[in-house]
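Reading through the structure tokens given below for one structure.
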Amino acid sequence: MRIGIDLGGTKIEAVSLDRDGTLIERIRVATPADDYEATLRAITGLVEKLERSAKKTGTIGIGTPGSIHPTSGEMQNSNAVCLNDRTLKEDLERLFGRTIRLANDADCFALSEATDGAGSGFRTVFGVIIGTGVGGGFVVDGKLLSGPNALTGEWGHTQLKTESLKSNAQPRLCYCGQSGCVETWISGPALEAEYHRIAGSQKTVTEITASLHTQESTAIITSFLKNLAVGLGAIINTLDPDCIVFGGGLSNIDQIYSDLPSLMPNYIMADQCLTIFAKAKHGDSSGVLGAAHLWP
């Protein structure tokens, strides 16, 4: 049996899978707010429930925001800030009394979709999460790629150079300490802030995308697609993946699949873009399933 844990900002989800990947059970709890010790207890409690229900132990894979620092073993770059500078993997292994596998949540998303999701059958798959934050993961021949800095796929924290920057005097500051990151331009909060700047009123991303007949929403989605094309242009020019799979709340914007492909030749070193753009098959479940898939 394989157990997957998706440690999110608002919920922690856990699944158990049998040997052939069939779902046995799924449970979730609210994520303790800014409380590291309570988060550890919540994770161990979920695993205990799954194993008690199945009457067997399983391997444990965990997807989490951020990554493990390659030398200190502490968490880094997590927007769930209570995890940063904590030895999460080591602490959980001590509590479980066994080895676990831990990866960035976007890596788990990419692995799930490359294994049996929208990227299944492609040799190289880049998984993109665009929601509250922006992340990614790269899978080659069914295996996650990881580099010496534990930063593979972190395209959300590259600096975006777009026409938009010329018309905005104020730099967009990112929680990572840089300004102008991709995440500050195409995440959900970025779109909502841009709508407020242009229209002078508040709307959620869902409301913006549901009201594309308005001039303000149309302008914002057009700008979003252009900025997304610029960011992904760097990915395609560097990695040239066969398939890019989109997840997260903003992956529900239909224009990503209808309009983005025709924009890409403006930002890549080719006169056409043959990369396949696909919406995640497993939706919100991709992260937790990918965490379970960290064990073969």
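Quick notes on this one:
- Among (1) farther than 28 Å from residue 32 by Cβ; (2) surrounded by 15 or more Cβ atoms within 10 Å (Cβ to Cβ); (3) modelled with pLDDT of 95 or more - the single one residue 115 does not satisfy: (3)
- Taken over the range 2-55, the criterion of being at positive phi and either among the aromatic types (Phe, Trp, Tyr) or touching a helix residue (DSSP H, G or I) at 6+ places or on another chain (Cβ under 9 Å) (or both) is satisfied by 21, 34.
Conditions (1) farther than 25 Å from residue 115 by Cβ; (2) surrounded by fewer than 20 Cβ atoms within 10 Å (Cβ to Cβ); (3) at pLDDT 95 or above, marked per residue:
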{"position": "4", "(1), (2), (3)": "no, no, yes"}
{"position": "9", "(1), (2), (3)": "no, yes, no"}
{"position": "16", "(1), (2), (3)": "no, no, yes"}
{"position": "26", "(1), (2), (3)": "no, yes, yes"}
{"position": "34", "(1), (2), (3)": "yes, yes, no"}
{"position": "43", "(1), (2), (3)": "no, no, yes"}
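This table checks each residue for (1) at pLDDT 95 or above; (2) more than 11 Å from residue 245 (Cβ to Cβ); (3) surrounded by 18 or more Cβ atoms within 10 Å (Cβ to Cβ); (4) not aromatic (Phe, Trp, Tyr).
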residue	(1), (2), (3), (4)
90	yes, yes, no, yes
141	yes, yes, no, yes
145	no, yes, no, yes
148	no, yes, no, yes
155	no, yes, yes, no
161	no, yes, no, yes
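- Complete set of residues in the range 116-153 that are within 15 Å of residue 296 (Cβ to Cβ) and part of a strand (DSSP E or B): 139, 143, 144
- In the range 118-139, the residue that is surrounded by the fewest Cβ atoms within 10 Å (Cβ to Cβ) out of those that are farther than 21 Å from residue 249 by Cα and either touching a residue at least 60 places away in the same chain (Cβ under 8 Å) or not hydrophobic (A, V, I, L, M, F, W, C) (or both) is 121.
- Taking (1) in contact with a strand residue (DSSP E or B) (Cβ under 8 Å, 6 or more places away or on another chain); (2) within 18 Å of residue 293 (Cβ to Cβ); (3) at pLDDT below 95; (4) hydroxyl-bearing (Ser, Thr, Tyr) in turn, residue 22 satisfies each apart from (1).
- Reported count of residues in the range 1-15, each being part of a strand (DSSP E or B), in contact (Cβ under 8 Å) with a residue 60 or more places away in the chain and not aliphatic (A, V, I, L, M), is 4.
- With respect to the conditions (1) in contact with a helix residue (DSSP H, G or I) (Cβ under 7 Å, 6 or more places away or on another chain); (2) more than 30 Å from residue 16 (Cα to Cα); (3) at pLDDT below 95, residue 287 lacks only one, and its number is (2).
- Hits in the range 171-189 - residues which are crowded, with 19+ Cβ neighbours inside 10 Å and touching a residue at least 60 places away in the same chain (Cβ under 8 Å): 186, 187, 188
- So residue 122, is it of a type in the set (Phe, Trp, Tyr), under 20 Å from residue 242 (Cβ atoms) and modelled with pLDDT of 90 or more: yes
- Residue in the range 236-250 that is surrounded by fewer than 18 Cβ atoms within 10 Å (Cβ to Cβ), in a helix (DSSP H, G or I) and either touching an Asp or Glu at 6+ places or on another chain (Cβ under 8 Å) or among the aromatic types (Phe, Trp, Tyr) (or both) present: no
Okay, residues lined up against (1) of a type in the set (Gly, Ala, Ser); (2) closer than 18 Å to residue 177 by Cβ; (3) in the same structural domain as residue 152 (by TED's automatic domain parsing):
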residue	(1), (2), (3)
58	yes, no, no
66	yes, yes, no
76	no, yes, no
88	no, no, no
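The values are calculated or read from the model by the stated rules, or taken from the named source; none is laboratory data. Nothing here was measured: the structure is a model prediction, and the numbers come from that model. No Cβ is skipped: glycine too gets one built from the backbone with ideal geometry, and neighbour counts run over all protein chains shown.
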